[in-house]
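**Student:** Attaching a single structure in structure tokens format; questions to follow.
The values are calculated or read from the model by the stated rules, or taken from the named source; none is laboratory data. These numbers were taken from a predicted model, which means no experiment stands behind them. Glycine gets a Cβ as well: all are built from the backbone with ideal geometry, and neighbour counts include every protein chain shown.
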Amino acid sequence: MKIVREWCMYCGECAGVCPRCLIEVGEATITFDESSCKDCEICVQACPVRALIKEE
Amino acid sequence: MLIETDVLIIGAGPAGSSAAKHAALNGADVLMIEKKSEIGAPKRCAEGVSKDGLIELGIEPSSRWVTSEINGVRLVSPNGTDVWLTEDTVKLPEMGYVIERKVFDKHMAMDAARAGADIMIKTLARGLERKDGHVIVKAERMGEEFDIKAKIVIGADGPESRVGRWGGLKTAVKPKDMESGAQFEMVGVEMESDTALEFYFGDVAPGGYAWVFPKGKDIANVGLAVIPTLTEKSAYEHLLDFVKNCPTTKNATAVELNIGGDPVGGILKKIATDNVMVVGDAGGMVNPLTGGGIISGMQGGRIAGQIAAAAVKDNDFSEKRLAEYGKRCKEEIGDSFNKYMKSRDYLESLSNEELDSIAKVFRETEFEKISTSELLRVLVKVSPKALLKLGKLF
């Protein structure tokens, strides 16, 4: 489960590193297919502005 | 709604526009879609291009998008030791421009349109499936969902590179190969020269480097890229530290923040499969050492566009027909990338102290020309560790 903070800039880096291709980034939208997420948190670490937070 | 086209290009950056232009010039029916409302904005780039690269691509520099002409380089080690390489002291300059991507990208898209390509903006690709030898791409524009039927799809969707994966290519970027970048465009930057690119190495940017790229007068792109697995801090936090501590930027003011990923793992092993090709960042067409990818992406785009159009004429969109693309990209773009990748690994291994001592030796060295390979050639001469790791390459 990810939380996207309001300062996300939709750069798409998280989508590029997601090993399961679960993140869709539009011009000002970001959507996770959470049903298939394995909580690897690679996206959380890659974010240049720490806009992704894992929610327990 | 169903739109039919020969070649669909997803993403209107320079690589996508180059593919669109050359596919159209070679007779294919071309549609390029872009998810954003403005092509070129926001930039995710330090905006440096080489003059040679533009010449090779046949692109005439325009005052509309050239912000400054570069004739030198300043390399700065962690303790502030700097090495100047300028046209005055070095023969055979291989220099370039700092451009305005917002304007440049749009002009490249206009070139594609003038060559005959259609463009749809604010149009997001959401998925892809193959059907009867064609590809159906699910798209969405301003709330309207529709299908695009194409013979060939070219993924130019940047570091996200989802199109390739939908098509069965392994385009996911490994964490160790994805640089995380952050940049301010700043005013009031106190550069020692407004025609030299500045590079800062060491702890300021673990796994990458920091840069100051002048854009005329006191304006510059001030940024850095890090490998996230090598640092606890985010790229943005590193940037704040850098700007505060660097003498060049400590009095400057930011007017823009840019962020994004840069895939530095080199050209992917496989960049074409049945009906699907990837170009630019989506295919890893980025110099693994410098992170630069405008020219190489556009070269890849040109090759992809030509081959896509030829495949349409042959009515053969199979992996076998498109495999020529991977071969030509490796020959024409990726040839040097392997050694730059090894150089990146080497640079990553250097401590601040080692970087300082190399800078000290560099200051007393005469360079024959300004280029990445020349720098590495000299590095191999002055550093035993570099000789050991890179001696055979440069």
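**Student:** Within the range B:173-189, can you find the residues that are crowded, with 23+ Cβ neighbours inside 10 Å and within 11 Å of chain A (Cβ to nearest Cβ)?
**Tutor:** B:V173, B:M178, B:E179, B:S180, B:G181, B:A182, B:Q183
**Student:** In the range B:82-107, how many are among the β-branched types (V, I, T) and modelled with pLDDT under 75?
**Tutor:** Adding up the residues that qualify gives 2.
**Student:** Let me ask another. Looking at this structure, is B:V49 outside any loop (DSSP other than H, G, I, E, B), in contact with a strand residue (DSSP E or B) (Cβ under 9 Å, 6 or more places away or on another chain) and either at pLDDT below 95 or farther than 22 Å from B:K149 by Cβ (or both)?
**Tutor:** Yes, satisfied.
**Student:** Sticking with this structure for a sec: Filter the range B:185-221 down to residues that are touching a Leu at 6+ places or on another chain (Cβ under 9 Å) and either without any contact (Cβ under 8 Å) to a residue 12 or more places away in the chain or hydrophobic (A, V, I, L, M, F, W, C) (or both), then give me how many there are.
**Tutor:** So the answer is 9.
**Student:** Mind counting the residues in the range A:13-42 that are assigned to a helix (DSSP H, G or I) and more than 8 Å from chain B (Cβ to nearest Cβ)?
**Tutor:** Total meeting the criteria: 4.
**Student:** What number of residues in the range B:65-78 are farther than 19 Å from B:G208 by Cβ and either hydroxyl-bearing (S, T, Y) or in a loop (DSSP other than H, G, I, E, B) (or both)?
**Tutor:** Residues meeting the conditions: 5.
**Student:** Only residues that are part of a strand (DSSP E or B), hydrophobic (A, V, I, L, M, F, W, C), in contact with a Gly (Cβ under 9 Å, 6 or more places away or on another chain) and away from every other protein chain (no Cβ under 14 Å): list them for the range B:111-135, please.
**Tutor:** B:V135 - this is the single residue of the range B:111-135 that is part of a strand (DSSP E or B), hydrophobic (A, V, I, L, M, F, W, C), in contact with a Gly (Cβ under 9 Å, 6 or more places away or on another chain) and away from every other protein chain (no Cβ under 14 Å).
**Student:** Sticking with this one: Which of (1) part of a helix (DSSP H, G or I); (2) not assigned by TED's automatic domain parsing to the domain that holds B:K131 is the odd one out, the single condition B:E368 does not satisfy?
**Tutor:** (1)
**Student:** Could you list, in sequence order, all residues of the range B:216-256 that are within 14 Å of chain A (Cβ to nearest Cβ), of a type in the set (A, V, I, L, M) and in a loop (DSSP other than H, G, I, E, B)?
**Tutor:** Residue satisfying the conditions is B:I227 alone.
Residue-wise test of (1) assigned by TED's automatic domain parsing to the domain that holds B:D6; (2) closer than 26 Å to B:L128 by Cα.
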{"site": "B:N275", "(1), (2)": "yes, yes"}
{"site": "B:I294", "(1), (2)": "yes, no"}
{"site": "B:V312", "(1), (2)": "yes, yes"}
{"site": "B:N315", "(1), (2)": "yes, yes"}
{"site": "B:R321", "(1), (2)": "yes, yes"}
{"site": "B:G326", "(1), (2)": "yes, yes"}
{"site": "B:Y346", "(1), (2)": "no, no"}
{"site": "B:L355", "(1), (2)": "no, no"}
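**Student:** Within the range B:220-247, work out how many residues are surrounded by 20 or more Cβ atoms within 10 Å (Cβ to Cβ) and not aromatic (F, W, Y).
**Tutor:** Result for the range B:220-247: 15.
**Student:** Go through the range B:136-157 and give me each residue that's within 14 Å of chain A (Cβ to nearest Cβ) and small (G, A, S).
**Tutor:** B:A139, B:G143, B:G155, B:A156
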